Structure formats: structure tokens, C-alpha cells
Amino acid sequence: MPSRVVFVLALAAPLLTGGCASLGVYTSDEFVAERAAGPNADGYPVPVTLASADAVAWGPPLVMPAPVVHAEIVADNDGPYLLDTGDRLRVFIYGQPNLSRLYTVDHEGKIAVPLIGSVRARGLTTNALQSAIRSRLGQEYVKDPQVTIDIQQNRPFFILGEVKNAGQFPYVSGMTVETAVAIGGGYTERASERSFRISRNVGGVLQQIEVPGAAAVRPGDTVYVFERFF
């Protein structure tokens with residue numbers, strides 16, 4: 001056997017016999033720590049523990065949580081409809097024709113009902129508003145009032161950015177971002193057809209999230225169409 005082959009086998013013998021028992025799977029911290037600790041007398045890395053690896057290398061790993069992007073605005077798509085400024089309501093009170101009429105939620109989020117005055121509507125469902133009006137009427141004016149409220153017209157939505165006719169428009173039931181773009185006259189030549197943002201008031205806090213074209217739009221939302229970069 002040539003002397004060069006004998007020499008190579010002699011070098012590889014420790015790895016193919018007892019030496020391979022010391023080989024294992026290391027994490028990046030363990031590997032860096034061994035490299036930092038240096039070789040022993042036989043030329044192999046000095047084994048170290050995880051604790052010493054933290055001290056020798058870069059310290060404990062830093063865990064960065066993934067950012068949470070306004071989960072409320074997504075969850076709000078499936079929740080009950082909450083009234084706000086601009087909603088037009090049909091209020092029917094049985095046996096009270098003077099109180100049964102159309103009401104528009106004003107900029108303060110209230111409706112003005114004869115006899116009982118301003119009633120807060122913002123943030124309430126129609127059922128909750130029915131209960132509030134029934135309670136206040138029943139205290140002094142009407143015995144066991146029967147109140148029914150329907151939404152005659154939703155508050156408008158807004159669309160801005162790269163559409164031909166940005167502005168305020170009546171809300172259409174079942175609207176998506178793509179529907180909103182169509183109502184706004186379609187895309188401009190510079191528009192991105194895949195990048196949109198919805199701004200929505202959730203519990204009195206303005207939330208924003210980037211969405212696809214199929215995302216649902218709710219009354220009062222502002223849809224922004226971005227410009228494409230190429």
C-alpha cells in the first residue's frame with residue numbers, strides 16, 4: 001500500500017473508531033463556544049456546556065416576538081354591526097306615530113328622540129339601542145313601549161389614493177375592496193392592484209391594516225389604494 005494512503009488512514013483512524021463517539025449534533029451556540037474555547041492538546045475542540053457557551057459566545061439568544069398587526073380590525077369583520085355617525089335609522093314605536101320616524105346618528109354619535117332627548121347610539125347594536133330607548137320611554141312617558149329599529153342606510157365609506165374618483169360614497173352591502181375601487185371609478189395608471197389599506201374605527205381607536213382586494217369593507221371604512229413601484 002502506498003505510504004500516502006497509510007498516512008491518510010492513520011489520520012482518519014481516531015474519527016472512524018473511538019473518536020467518532022465524541023461527535024454529535026451541536027447548536028450554533030455550542031459550535032461557536034467550542035471554536036472560541038480553542039483546541040485541546042490533541043487538536044480537538046474542548047467540549048463546553050451550554051452555560052459556558054453563553055459566557056464565551058454572545059450571551060443567551062434574543063427572542064423577538066412576531067409583530068401583531070391590529071388583530072381587532074380582522075376580528076371586527078365577523079362581529080355585530082355597531083352604529084356610528086352617519087347611520088340612518090328607522091325607529092318604530094308601536095302606538096306612537098309622533099315618535100316613529102327616521103333618525104340620523106349625529107357627529108356626537110347620538111340621535112335626538114322627542115320626549116327623552118339625546119340617546120347615545122355610537123358603539124351600540126340596533127338591539128342595544130332599542131333597549132335604551134324602551135327603558136327611557138318607559139320610565140315616565142309610555143307604558144310598556146314596543147320599540148323596533150332598522151338600519152335604513154349605512155354610513156358612507158371613503159376611498160383614497162390611486163383611484164380615478166377618490167371621495168365619499170354610499171355603502172353597498174357585501175362590499176369588498178375591489179368593489180370600492182369600482183365605485184371610485186377604477187384604478188389609475190399608477191395604481192397597485194394588490195396593495196391596499198383599510199382604516200377603521202374600532203372601539204374609538206383608529207386601526208389600520210394592509211389587506212388583499214377580496215377583503216370585506218364595512219361602513220365608515222377608509223380604503224387606500226397604493227401606488228405601484230414599477
Within region 185-211, restricting to residues that are assigned to a loop (DSSP other than H, G, I, E, B) and touching a Lys or Arg at 6+ places or on another chain (Cβ under 7 Å), the one that is farthest from P80 (Cα to Cα) is R190
Flagged in region 114-137 as more than 20 Å from N201 (Cβ to Cβ) and touching a residue at least 24 places away in the same chain (Cβ under 8 Å), in numbering order, are L115, I116, I133, L137
Could you count how many residues in region 113-150 are at pLDDT below 95, in contact with an Asp or Glu (Cβ under 9 Å, 6 or more places away or on another chain), among the hydrophobic types (A, V, I, L, M, F, W, C) and under 21 Å from D84 (Cβ atoms)? 1
Within region 212-230, take every residue that is assigned to a strand (DSSP E or B) and more than 14 Å from the chain's Cα centre (by Cα) and give me the one that is surrounded by the most Cβ atoms within 10 Å (Cβ to Cβ). V223
Among the residues of region 111-123, is there at least one that is among the small types (G, A, S), surrounded by fewer than 19 Cβ atoms within 10 Å (Cβ to Cβ) and closer than 28 Å to I198 by Cβ? yes
Residues (charged (D, E, K, R) and assigned to a loop (DSSP other than H, G, I, E, B)) located in region 91-126: D106, E108, R122
Given the conditions (1) among the hydrophobic types (A, V, I, L, M, F, W, C); (2) in contact with a helix residue (DSSP H, G or I) (Cβ under 7 Å, 6 or more places away or on another chain); (3) surrounded by fewer than 19 Cβ atoms within 10 Å (Cβ to Cβ); (4) over 20 Å from V105 (Cβ atoms), and given that V172 satisfies all but one, which numbered condition is not satisfied? (4)
Please indicate, with yes or no, whether at least one residue in region 151-167 is hydrophobic (A, V, I, L, M, F, W, C), in a loop (DSSP other than H, G, I, E, B), in the same structural domain as G186 (by TED's automatic domain parsing) and under 36 Å from the mean Cα position of the chain (by Cα). yes
Can you tell me which residues in region 151-169 are at negative phi and out of contact with any helix residue (DSSP H, G or I) (no Cβ under 7 Å at 6 or more places or on another chain)? Q152, Q153, N154, R155, P156, F158, L160, E162, K164, N165, A166, Q168
So is V105 in contact with a helix residue (DSSP H, G or I) (Cβ under 8 Å, 6 or more places away or on another chain), under 22 Å from R155 (Cβ atoms) and free of Cβ contacts under 8 Å to residues at least 60 places away in the same chain or not? no
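The values are calculated or read from the model by the stated rules, or taken from the named source; none is laboratory data. Everything quoted here is computed from the prediction, not taken from an experiment. Every residue, glycine as well, gets a Cβ built from its backbone with ideal geometry; the counts of neighbours run over all protein chains shown.
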